[in-house]
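A.B. asks: If you scroll down you'll find the structure; I have some questions about it.
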Amino acid sequence: MSSILVVVEQREGKLNRVSLETLAAGQALAADTGWTLEAAVVGNGVSGVAGEIAGQKLARVYAIESAKLEPYTPDAFAAALKQLLETKQPKLVLMPHTYQVRDFIPKLATSLGRTVISDCIAYKKDGDKLVFTRQMFQGKLAADVSFTCDAPWFVTFQNGAFRADKVEAGASAAAIETVNPAIADGVIRNRPQEVFKEAKQAVDLTQADIIVSVGRGIKEQKNVELAKQLAEALGGEIAASRPICDAGWLPMDRQIGSSGQTVAPKLYLALGISGAIQHIVGMKGSRAIVAINKDSEAPIFEIADYAVVGNLFDIVPPLIEEVKKAKG
Amino acid sequence: MKILVCMKQVPQKDAPLKLNESGAWIREDVSYEVNEPDAYALEEALRQKEKHGGEVVVITSGPTRAGQVLREALAKGADRAIHLEDNAFVGLDAFNTARAFAEAIKDEKFDLIFTGLQSDDYGYAQTGVVLAELLGWPHATIIMQIEKTDGGIQVKRELEAGYFQFVDMPLPAVLTIQSGINKLRYATLIGIKQAKNKPLRKVTLAEVQAVLGPNLQKIEKLYVPQKTKNTEFLQGPAAEVAKQLVEKLRNEVRVL
Ligand SMILES: Cc1cc2nc3c(=O)[nH]c(=O)nc-3n(C[C@H](O)[C@H](O)[C@H](O)COP(=O)(O)OP(=O)(O)OC[C@H]3O[C@@H](n4cnc5c(N)ncnc54)[C@H](O)[C@@H]3O)c2cc1C
């Protein structure tokens, strides 16, 4: 019987919610292919997470337990999952495209002589063939990609590609099978220390109603002033895409995106931001998104409510004046 | 320390991309640049060499035009370059690209291999980690800092949402470098001049062919993504657009 294995992610015994999106993808694929859906959770002390997952509509949950799996290392995770895959032989292995997964899944696939179609946003079933859609060129183009090797086929899904609230609960709890992989001494070469956050953030952008965010289209550090004036006129906060903070034009705690803050203001005004996925995950929940970009094909327009195709240096000065007028 | 930096030539960020009828992108008439995270990887290698001595070697694969990223790297201070030169290399998946690189460097002894954490064009985020596995070396990804220690190195990994983690690891190792790890330098005129006399080894497809297999994945077609959201485009002269936008902010978004 062919099967699909979803590997969910946990940290300190808590499920990473993005895993539910991958489970939703797994359930949809199981329905389309008729294959059995199973899940696995990897770590030390993961029975709680396994129990939570077992409540969903799937056939079985593997709790892969070993003291050597905490803290996370790519060596131990790849070794543990390789053993499971060799015994269970699923056709399709699905994971969320998290920082942790992208750290070990290419190693795991390579150790089995296989490949990963990474960071997918959808799938299609074309007759017997599965095709996975992923963004290319930072979202400017999409690609349909297929496997040209034998199973197991590894796929990671982008954050937000499937809806976590679409996960179907099971009629009864699925069986949980505890697996204790053998991880020999010497397999683990990295010695990770505690996870930490850099010095406490001075601004909490999550509380802002209005955010004016600048990207590389602002061109020079001195131009950031223009965006600040707009933010001030609107009574909002200034924020930025990553390259602006990397360059030190704004402090790191003003960065929006997967490695910065996640915000959902009433208004998010993006100036000269292309709309790479790592930026979008940090602001797509905004109630209204306005994008000003000179490139009519910039991916930011895919999620904008209001779009202005044009040079921000032409549009922002009169915009500041109009806002001031409107506010009286 | 002897460091290898893997670099990729990608279309410039602003370059308009055209598709042909079979759904492939047209590589001709496009301006290219170095993949951004790779530029940071090179910079980091140069800084490590300045601190600890050693050698910085850069490697790329692709047609003749891809040699430009190597010349730029040599001008910035890399000591020598390796070019796997053939148009066929652009069609390889991450697994095969890593195999070709591993074969091309099999007689060398590097302490560290750096790659960018992913490419700006295809964004697979795999080649570095696959290469580590093929070589049997440890790896760490999304690196924001590297310090030499007694037994090896200590790296700072970036995690999601502003979290980080220090990891101690032995050498040799593969690291995938995140943009922003350092500040990039420019090539100097002297550097550009000196680059012309630095060694550049060319590797043909035939030299590595024996280790390549069939690609394990295939791009069926590329296309412009369909827009799903109902976006209102505001048009007209700048002053007019500014008025319209403020009207929307007042009456529809209701933030004014
Ligand atoms: C693991 C990882 C984590 C990341 N985390 C983040 C993150 O947290 N946050 C983040 O933002 N990015 C993050 N990134 C980087 C992300 O992939 C993009 O590179 C980045 O968001 C691009 O920033 P940008 O849009 O400002 O620049 P670009 O992509 O260079 O876009 C600039 C835009 O400005 C437009 N423009 C230029 N001139 C003008 C003008 N005069 N008027 C109007 N428009 C103009 C251009 O058309 C273009 O669309 C991460 C990447 C990785 C791999």
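The values are calculated or read from the model by the stated rules, or taken from the named source; none is laboratory data. No experiment lies behind these values; they were computed from the predicted model shown. All Cβ positions, glycine included, derive from the backbone under ideal geometry; neighbour counts span all protein chains shown. When the accessible area is computed, the model is the full protein with side chains, heavy atoms only, and any ligands, DNA or RNA have been set aside. Shrake-Rupley method; radii C 1.70, N 1.55, O 1.52, S 1.80 Å.
A.B. asks: So if I check each of A:Ala298, A:Ala307, A:Ala326, A:Ala270, which one is surrounded by 19 or more Cβ atoms within 10 Å (Cβ to Cβ) and facing chain B (nearest Cβ under 9 Å)? Show your work before the answer.
C.D. replies: On the way: A:Ala298 fails: facing chain B (nearest Cβ under 9 Å); A:Ala326 fails: surrounded by 19 or more Cβ atoms within 10 Å (Cβ to Cβ); A:Ala270 fails: facing chain B (nearest Cβ under 9 Å).
Only one candidate qualifies: A:Ala307.
A.B. asks: I would also like to ask the following. A:Ala227 passes all but one of (1) more than 7 Å from the ligand (Cβ to nearest atom); (2) in a helix (DSSP H, G or I); (3) within 25 Å of A:Val18 (Cα to Cα); which number fails?
C.D. replies: Exception for A:Ala227: condition (3).
A.B. asks: Which count do you get for residues in region B:13-41 that are surrounded by 17 or more Cβ atoms within 10 Å (Cβ to Cβ), outside any loop (DSSP other than H, G, I, E, B) and hydrophobic (A, V, I, L, M, F, W, C)?
C.D. replies: Result for region B:13-41: 4.
A.B. asks: Of the residues A:Ala227, A:Ala164, A:Ala171, which single one is exposed (fewer than 13 other Cβ atoms within 10 Å of the Cβ), of a type in the set (A, V, I, L, M, F, W, C) and in contact (Cβ under 8 Å) with a residue 24 or more places away in the chain?
C.D. replies: Values: A:Ala227 fails: exposed (fewer than 13 other Cβ atoms within 10 Å of the Cβ); A:Ala164 fails: exposed (fewer than 13 other Cβ atoms within 10 Å of the Cβ).
The match here is A:Ala171.
A.B. asks: Is region B:141-156 home to any residue that is in contact (Cβ under 8 Å) with a residue 24 or more places away in the chain, away from chain A (no Cβ under 13 Å) and closer than 23 Å to B:Ile192 by Cα?
C.D. replies: The answer is no; no qualifying residue exists.
A.B. asks: I'd like the residue in region B:128-137 that is facing chain A (nearest Cβ under 8 Å) and open to solvent by 10 Å² or more (accessible area, probe 1.4 Å) and, out of all such residues, is farthest from the ligand (Cβ to nearest atom).
C.D. replies: Here the answer is B:Leu134.
Conditions (1) within 22 Å of the chain's Cα centre (by Cα); (2) modelled with pLDDT of 95 or more, marked per residue:
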| residue | (1), (2) |
| --- | --- |
| B:Lys148 | no, yes |
| B:Val155 | yes, yes |
| B:Gly162 | no, no |
| B:Phe166 | no, yes |
| B:Gln178 | yes, yes |
| B:Val203 | yes, yes |
| B:Val208 | yes, yes |
| B:Thr231 | no, no |
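A.B. asks: Just checking, which of A:Ser296, A:Ser258, A:Ser274, A:Ser286 is over 21 Å from the mean Cα position of the chain (by Cα) and of a type in the set (Ser, Thr, Tyr)?
C.D. replies: A:Ser296
A.B. asks: Within region A:191-209, does at least one residue satisfy the condition of being within 14 Å of the ligand (Cβ to nearest atom), hydrophobic (A, V, I, L, M, F, W, C), assigned by TED's automatic domain parsing to the domain that holds A:Met283 and under 28 Å from B:Leu249 (Cα atoms)?
C.D. replies: yes
A.B. asks: Something else: Just the residues that are more than 11 Å from the ligand (Cβ to nearest atom) and facing chain B (nearest Cβ under 8 Å), please, taken from region A:230-247.
C.D. replies: A:Leu234
A.B. asks: Limited to region A:248-267, what total is found for residues that are facing another protein chain (nearest Cβ under 10 Å) and open to solvent by 10 Å² or more (accessible area, probe 1.4 Å)?
C.D. replies: 9
A.B. asks: Okay, next question. Quick check, is A:Gly139 in contact with a helix residue (DSSP H, G or I) (Cβ under 6 Å, 6 or more places away or on another chain), assigned by TED's automatic domain parsing to the domain that holds A:Ala40 and more than 30 Å from A:Ala173 (Cβ to Cβ)? Working first, answer last.
C.D. replies: Values: in contact with a helix residue (DSSP H, G or I) (Cβ under 6 Å, 6 or more places away or on another chain): yes; assigned by TED's automatic domain parsing to the domain that holds A:Ala40: yes; more than 30 Å from A:Ala173 (Cβ to Cβ): yes.
Yes: the conditions hold for A:Gly139.
A.B. asks: Then there is this: Is it the case that A:Glu38 is part of a strand (DSSP E or B), among the charged types (D, E, K, R) and in the same structural domain as A:Pro181 (by TED's automatic domain parsing)?
C.D. replies: yes
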